[in-house]
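*Asks:* Once you've had a glance at the structure underneath, I'll fire off some questions.
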Amino acid sequence: MKREDRYLVLKRKDLASAGLTVAETVAIESICVKIDAAREHRGADLLECVVVEKDWPEYDPTWCAIAVRMNPSKSPLQVKIDQYETYGSSETKWSN
């Protein structure tokens with residue numbers, strides 16, 4: 001499994017501390033509303049995601065869980081090894 005940069009994620013706390021003007025904040029919120037409306041118009045559900053930051057201990061296990069699901073023909077251990085060899089780890093230990 002190859003990891004992809006598929007989402008643009010903005011952390012609300014970062015928006016607040018970035019020194020955005022009220023107009024800039026309103027613009028971002030308006031863009032999000034427009035994107036949600038476009039998804040709804042084409043019959044897609046509103047996008048709901050779980051975001052796991054790289055410095056969280058759940059980051060590597062989350063990527064491994066996704067990789068295992070995407071590679072059902074490989075053993076979970078082999079998938080974890082492949083992920084570690086390709087992307088490294090924010091931790092040095094892996095669990096089964």
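The values are calculated or read from the model by the stated rules, or taken from the named source; none is laboratory data. Here the structure is a predicted model, which is why all the values come from computation and not from measurement. We place every Cβ from the backbone using ideal geometry, glycine too, and count neighbours over all the protein chains shown. With ligands, DNA and RNA removed, areas are computed over all heavy atoms of the protein, side chains included. Shrake-Rupley method; radii C 1.70, N 1.55, O 1.52, S 1.80 Å.
*Asks:* Quick one: Asp14 ticks every box in (1) open to solvent by 60 Å² or more (accessible area, probe 1.4 Å); (2) in a helix (DSSP H, G or I); (3) modelled with pLDDT of 95 or more; (4) not hydrophobic (A, V, I, L, M, F, W, C) except a single one, so which number is it?
*Replies:* (3)
*Asks:* Specify the residue that is most open to solvent (accessible area, probe 1.4 Å); the eligible residues are those in region 87-96 that are modelled with pLDDT under 80 and among the small types (Gly, Ala, Ser). Can you show your working first?
*Replies:* So in region 87-96, the residues modelled with pLDDT under 80 come out as 89-96.
In the following step, the residues that additionally are among the small types (Gly, Ala, Ser) were identified as 89-90, 95.
Numbers: Ser89: 42, Ser90: 59, Ser95: 84 Å².
Once the filter is applied, the top-ranked residue is Ser95.
Condition check ((1) surrounded by 10 or more Cβ atoms within 10 Å (Cβ to Cβ); (2) on the phi > 0 side of the Ramachandran plot; (3) touching a helix residue (DSSP H, G or I) at 6+ places or on another chain (Cβ under 9 Å)) across all residues:
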{"position": "Tyr59", "(1), (2), (3)": "yes, no, no"}
{"position": "Thr62", "(1), (2), (3)": "yes, no, no"}
{"position": "Asn71", "(1), (2), (3)": "yes, no, yes"}
{"position": "Lys74", "(1), (2), (3)": "yes, no, yes"}
{"position": "Val79", "(1), (2), (3)": "yes, no, yes"}
{"position": "Glu85", "(1), (2), (3)": "no, no, no"}
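*Asks:* Met1 passes all but one of (1) part of a helix (DSSP H, G or I); (2) surrounded by 10 or more Cβ atoms within 10 Å (Cβ to Cβ); which number fails?
*Replies:* If we test Met1 against (1) part of a helix (DSSP H, G or I); (2) surrounded by 10 or more Cβ atoms within 10 Å (Cβ to Cβ), just (1) comes out false.
*Asks:* What residue, among those in region 28-42 that are open to solvent by 90 Å² or more (accessible area, probe 1.4 Å), farther than 14 Å from Leu10 by Cβ and of a type in the set (D, E, K, R), is farthest from the chain's Cα centre (by Cα)?
*Replies:* Per the stated criteria, the residue is Arg42.
Yes or no, residue by residue, for (1) of a type in the set (A, V, I, L, M); (2) at pLDDT 90 or above; (3) in a loop (DSSP other than H, G, I, E, B):
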{"residue": "Ile35", "(1), (2), (3)": "yes, yes, no"}
{"residue": "Arg39", "(1), (2), (3)": "no, yes, no"}
{"residue": "Ala44", "(1), (2), (3)": "yes, yes, yes"}
{"residue": "Val50", "(1), (2), (3)": "yes, yes, yes"}
{"residue": "Asp55", "(1), (2), (3)": "no, yes, yes"}
{"residue": "Pro61", "(1), (2), (3)": "no, no, no"}
{"residue": "Gln78", "(1), (2), (3)": "no, no, no"}
{"residue": "Asp82", "(1), (2), (3)": "no, no, no"}
{"residue": "Glu85", "(1), (2), (3)": "no, no, no"}
